[in-house]
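*Asks:* Following this message is one structure expressed as structure tokens.
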Amino acid sequence: MNIAIINTKGGASKSTTAFQVVCTYFLVKEQQIELFELDNQNRDSANFFKSKIKSTQIQVDFNKELNNTVRDLFLNQNAQNKVIDVGGNQTTTAFISALQSTHMHNMVDLFIIPISGGHQDVVNAKATYDLISDFRKKVVFCLSRVR
């Protein structure tokens, strides 16, 4: 499976959902999992260097098109299951645009949109959903730290 965890808001629990929910699910199932972190501002994967979860940090270069990076991510990796933790704000918007222009959205099995609490998180989750709804893929809203 290829699972993309996205939200246009920073701090919406994308990395928490990736590490503690999605990757752990595959570990419990004793399936191979690789986490890809597309985020220039956050390096959560560096904190888990002794983990059974193989993780790769991918720098996002906004001066160049993200298309080649997205193609490589889906076509050149050998992991049985891939979790893609996409940074918020501009990174998510650029990633979604690259998915659309390369048609790599067809390679995504599931989009997870975390919501960590508060009205603004819900607004951003809806905006994120609106950006990917034309892909006609499964979408799960994941509540994390919600009051």
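The values are calculated or read from the model by the stated rules, or taken from the named source; none is laboratory data. Note that the structure is a prediction, hence the values are computed from the model and not measured. Every residue, glycine as well, gets a Cβ built from its backbone with ideal geometry; the counts of neighbours run over all protein chains shown. Remember, those area values only see protein heavy atoms, side chains included, never the ligands or the DNA or RNA. Shrake-Rupley method; radii C 1.70, N 1.55, O 1.52, S 1.80 Å.
*Asks:* Is it the case that some residue within region 89-108 is modelled with pLDDT of 90 or more, part of a strand (DSSP E or B) and either open to solvent by 20 Å² or more (accessible area, probe 1.4 Å) or in contact with a strand residue (DSSP E or B) (Cβ under 9 Å, 6 or more places away or on another chain) (or both)?
*Replies:* No - not one qualifying residue is present in region 89-108.
*Asks:* Can you confirm whether ALA125 is closer than 21 Å to GLU37 by Cβ, of a type in the set (Gly, Ala, Ser) and not in a helix (DSSP H, G or I)?
*Replies:* Working: closer than 21 Å to GLU37 by Cβ: yes; of a type in the set (Gly, Ala, Ser): yes; not in a helix (DSSP H, G or I): no.
Against the criterion (closer than 21 Å to GLU37 by Cβ, of a type in the set (Gly, Ala, Ser) and not in a helix (DSSP H, G or I)), ALA125 does not qualify.
*Asks:* Next question. Scan region 109-125 for residues that are of a type outside the set (A, V, I, L, M, F, W, C) and surrounded by fewer than 15 Cβ atoms within 10 Å (Cβ to Cβ) and report the count. It would help to see each step written out before you state the result.
*Replies:* To start, the set of residues in region 109-125 that are of a type outside the set (A, V, I, L, M, F, W, C) comprises 109, 114, 116-121, 124.
Adding the requirement that they be surrounded by fewer than 15 Cβ atoms within 10 Å (Cβ to Cβ) leaves 109, 117-120.
Within region 109-125, residues that are of a type outside the set (A, V, I, L, M, F, W, C) and surrounded by fewer than 15 Cβ atoms within 10 Å (Cβ to Cβ) number 5.
*Asks:* Tell me, please, whether a residue that is of a type in the set (S, T, N, Q), closer than 17 Å to THR8 by Cα, out of contact with any Phe, Trp or Tyr (no Cβ under 6 Å at 6 or more places or on another chain) and buried (at least 20 other Cβ atoms within 10 Å of the Cβ) can be found in region 129-147. Give the derivation first.
*Replies:* Going residue by residue through region 129-147, those that are of a type in the set (S, T, N, Q) are 133, 144.
Then drop every residue that is not closer than 17 Å to THR8 by Cα, which leaves 133, 144.
Remaining after also requiring out of contact with any Phe, Trp or Tyr (no Cβ under 6 Å at 6 or more places or on another chain): 133, 144.
Now drop any that are not buried (at least 20 other Cβ atoms within 10 Å of the Cβ), which leaves none.
Within region 129-147, not a single residue is of a type in the set (S, T, N, Q), closer than 17 Å to THR8 by Cα, out of contact with any Phe, Trp or Tyr (no Cβ under 6 Å at 6 or more places or on another chain) and buried (at least 20 other Cβ atoms within 10 Å of the Cβ).
Residues checked against (1) among the β-branched types (Val, Ile, Thr); (2) free of Cβ contacts under 8 Å to residues at least 12 places away in the same chain:
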site	(1), (2)
LYS82	no, no
GLN100	no, no
ILE115	yes, no
HIS119	no, yes
ASP130	no, yes
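*Asks:* In region 12-59, what residues are part of a loop (DSSP other than H, G, I, E, B), modelled with pLDDT of 80 or more and either under 13 Å from the mean Cα position of the chain (by Cα) or surrounded by 16 or more Cβ atoms within 10 Å (Cβ to Cβ) (or both)?
*Replies:* ALA12, SER13, ILE33, ASP39, ILE53, listed by residue number.
*Asks:* Do you know which residues across region 86-125 are in contact with an Asp or Glu (Cβ under 7 Å, 6 or more places away or on another chain) and more than 24 Å from GLU65 (Cα to Cα)?
*Replies:* Scanning region 86-125 gives a single hit, ILE115.
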